[in-house]
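Enquirer: Quick one: the structure is below, and I'll ask about it shortly.
The values are calculated or read from the model by the stated rules, or taken from the named source; none is laboratory data. Everything numeric in this text was worked out from a predicted model, so none of it was measured. Every residue, glycine among them, receives a Cβ derived from its backbone with ideal geometry; neighbour counts consider all protein chains shown.
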């Protein structure tokens with residue numbers, strides 16, 4: 001299997017790239033080079049923007065300046081339209097110990113929300129220490145992003161934790177700020193996801209390769225054996241079709257040796273949710289295999305409709321890249337509350353793409369983010385079932401048993417030292433590899449069900 005995934009084929013696209021082989025798909029077709037464009041340049045445009053506003057001291061901290069302030073924020077103000085908020089700061093190793101709260105005004109109204117908490121997840125979703133992505137110099141510390149919907153007014157307050165303890169003094173270790181202080185260089189990021197480009201022409205749903213930018217063609221071409229270049233969706237397959245494809249990819253063992261793999265689910269591609277491929281780094285990063293799946297919640301709140309999931313993803317993507325300094329969207333896949341599955345980080349849905357989802361355990365694993373916050377809210381059955389369907393297929397491609405355990409080597413984190421071999425469930429929660437609330441207690445409690453369902457889909 002590893003040799004198969006490491007092989008290459010020439011894929012004709014606007015970028016004229018040689019790309020790693022994807023698993024074949026029954027009925028998939030490639031775009032025809034040189035064919036007339038079915039969608040004009042306007043269909044490629046994915047607008048969006050980020051407003052970055054520096055925080056200032058609040059209340060009695062005003063005289064201290066930002067370096068000494070334990071309470072910072074922004075007074076209520078008008079801003080350009082946005083839909084997602086988050087806070088970033090200079091040092092990715094510095095932890096924000098305290099509370100972040102925001103209130104927003106719905107666009108075109110005088111209606112303000114109540115105060116909403118923004119999760120201070122303190123770099124647990126990130127590239128591993130020592131990796132090129134982590135060491136690039138552009139990475140910043142950040143909170144989780146919060147989806148607030150279409151808004152044009154904002155007010156923010158950030159308060160450092162004050163426990164009265166003297167343990168966190170000025171000699172606090174790296175990454176732990178002195179008692180009552182906030183990280184330096186804090187900014188509020190207001191993200192406008194933009195609108196998805198309207199379809200154009202009779203075949204606009206599947207643009208020809210010549211209608212795509214080089215970056216979009218490259219992101220799509222790594223899935224070219226699963227769906228046409230530019231396709232918004234990778235279609236589902238039956239279990240038999242999926243097994244037959246995998247057998248063919250492995251060189252055709254006897255028919256009685258059927259692999260344990262779940263039917264390929266329907267996956268909405270990056271093109272389908274409107275990813276702006278100009279934002280990410282051009283190249284793709286891969287690991288060797290996929291031994292485990294880490295389940296997350298996005299901590300972006302539950303105040304979204306499934307029809308808005310594409311906008312939520314575009315916002316998180318922009319926040320990960322433009323605000324937090326990552327090379328691309330952090331998770332390999334996302335799942336919405338209705339059970340729709342989305343391609344995350346670029347590089348090919350069947351490939352072992354290196355993500356930035358579980359600090360210390362991104363190698364030989366994949367990350368799945370369920371859109372929403374599930375600390376106190378029960379995840380919908382459709383979302384849990386989608387996790388099971390996705391893992392049954394993707395883990396099955398690499399011979400992993402969803403009910404089993406595996407070993408991963410830690411890249412460093414707050415639970416395991418760098419280099420330690422750690423035994424983990426093949427389907428784990430984020431908190432199994434890093435001390436964090438993620439994926440929320442309610443979603444974490446559903447992982448047993450996801451494991452058994454996933455194994456059943458594989459035929460185990």
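Enquirer: Residue 345 versus (1) within 23 Å of residue 48 (Cβ to Cβ); (2) surrounded by fewer than 24 Cβ atoms within 10 Å (Cβ to Cβ); (3) free of Cβ contacts under 8 Å to residues at least 60 places away in the same chain: which is the lone unmet condition?
Expert: Only one criterion in (1) within 23 Å of residue 48 (Cβ to Cβ); (2) surrounded by fewer than 24 Cβ atoms within 10 Å (Cβ to Cβ); (3) free of Cβ contacts under 8 Å to residues at least 60 places away in the same chain is unmet by residue 345, namely (2).
Enquirer: All but one of (1) in a strand (DSSP E or B); (2) modelled with pLDDT under 90 hold for residue 92; which doesn't?
Expert: The one condition residue 92 does not meet is (1).
Enquirer: Which one is farthest from residue 128 (Cα to Cα), of the residues in the range 363-379 that are touching a strand residue (DSSP E or B) at 6+ places or on another chain (Cβ under 9 Å) and in a loop (DSSP other than H, G, I, E, B)?
Expert: Taking the candidates together, the pick is 379.
Enquirer: Quick one: is residue 154 modelled with pLDDT of 95 or more and outside the structural domain of residue 411 (by TED's automatic domain parsing)?
Expert: Numbers: modelled with pLDDT of 95 or more: yes; outside the structural domain of residue 411 (by TED's automatic domain parsing): yes.
Yes, satisfied.
Enquirer: If you scan the range 288-303, which residues turn out to be within 21 Å of residue 327 (Cα to Cα) and more than 17 Å from the chain's Cα centre (by Cα)?
Expert: 288, 289 - these are the residues of the range 288-303 that are within 21 Å of residue 327 (Cα to Cα) and more than 17 Å from the chain's Cα centre (by Cα).
Enquirer: A further question follows. Would you mind stating whether residue 356 is crowded, with 23+ Cβ neighbours inside 10 Å, in a loop (DSSP other than H, G, I, E, B), touching a residue at least 60 places away in the same chain (Cβ under 8 Å) and at positive phi?
Expert: no
Enquirer: While we're here: If I go through the range 272-289 residue by residue, how many of them are in a loop (DSSP other than H, G, I, E, B) and surrounded by 14 or more Cβ atoms within 10 Å (Cβ to Cβ)?
Expert: Applying the first criterion (in a loop (DSSP other than H, G, I, E, B)) to the range 272-289 yields 274-285, 287-289.
The next check asks that each one be surrounded by 14 or more Cβ atoms within 10 Å (Cβ to Cβ); those that pass are 274-277, 279-281, 284-285, 287, 289.
Counting residues in the range 272-289 that are in a loop (DSSP other than H, G, I, E, B) and surrounded by 14 or more Cβ atoms within 10 Å (Cβ to Cβ) gives 11.
Enquirer: Filter the range 407-416 down to the residues that are buried (at least 17 other Cβ atoms within 10 Å of the Cβ) and touching a strand residue (DSSP E or B) at 6+ places or on another chain (Cβ under 7 Å) and list them by number.
Expert: Scanning the range 407-416 gives 408, 410, 416.
Enquirer: Next question. Might you check whether a residue that is surrounded by fewer than 18 Cβ atoms within 10 Å (Cβ to Cβ), assigned by TED's automatic domain parsing to the domain that holds residue 381 and not in a helix (DSSP H, G or I) occurs anywhere in the range 446-456?
Expert: no
Enquirer: Kindly establish whether residue 238 is out of contact with any strand residue (DSSP E or B) (no Cβ under 9 Å at 6 or more places or on another chain), surrounded by 20 or more Cβ atoms within 10 Å (Cβ to Cβ) and in the same structural domain as residue 315 (by TED's automatic domain parsing).
Expert: Values: out of contact with any strand residue (DSSP E or B) (no Cβ under 9 Å at 6 or more places or on another chain): yes; surrounded by 20 or more Cβ atoms within 10 Å (Cβ to Cβ): no; in the same structural domain as residue 315 (by TED's automatic domain parsing): yes.
Spelling it out, it is not the case that residue 238 is out of contact with any strand residue (DSSP E or B) (no Cβ under 9 Å at 6 or more places or on another chain), surrounded by 20 or more Cβ atoms within 10 Å (Cβ to Cβ) and in the same structural domain as residue 315 (by TED's automatic domain parsing).
Enquirer: Please tell me if residue 389 is over 15 Å from residue 454 (Cβ atoms), in a helix (DSSP H, G or I) and touching a helix residue (DSSP H, G or I) at 6+ places or on another chain (Cβ under 7 Å).
Expert: Taking the combined requirement at face value, the residue does not satisfy it.
Enquirer: A further question on this structure: Is there any pair linking a residue in the range 394-413 that is assigned by TED's automatic domain parsing to the domain that holds residue 425 to one that is surrounded by fewer than 16 Cβ atoms within 10 Å (Cβ to Cβ) and part of a strand (DSSP E or B), with Cβ under 9 Å and at least six apart or on different chains, and which?
Expert: Hits for this filter: 405/423; 406/423; 407/421; 407/423; 408/421; 408/423; 409/421; 410/421.
Enquirer: Now for a separate question. Search the range 408-429 for residues being assigned to a loop (DSSP other than H, G, I, E, B) and within 20 Å of the chain's Cα centre (by Cα), and hand back the single one that is modelled with the lowest pLDDT.
Expert: Ranking the qualifying residues of the range 408-429, first place goes to 413.
Enquirer: Just give me the residues in the range 303-328 being in contact with a helix residue (DSSP H, G or I) (Cβ under 6 Å, 6 or more places away or on another chain), crowded, with 24+ Cβ neighbours inside 10 Å and part of a loop (DSSP other than H, G, I, E, B), in sequence order. If you could, list the steps in order and put the result at the bottom.
Expert: Restricting attention to the range 303-328, the residues satisfying the condition of being in contact with a helix residue (DSSP H, G or I) (Cβ under 6 Å, 6 or more places away or on another chain) are 304, 310, 313, 326.
Subsequent filtering for residues that are crowded, with 24+ Cβ neighbours inside 10 Å retains 313, 326.
Passing the criteria: only 326.
Conditions tested, residue by residue: (1) more than 18 Å from the chain's Cα centre (by Cα); (2) surrounded by fewer than 16 Cβ atoms within 10 Å (Cβ to Cβ).
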| residue | (1), (2) |
| --- | --- |
| 75 | yes, yes |
| 78 | yes, yes |
| 89 | yes, no |
| 143 | no, no |
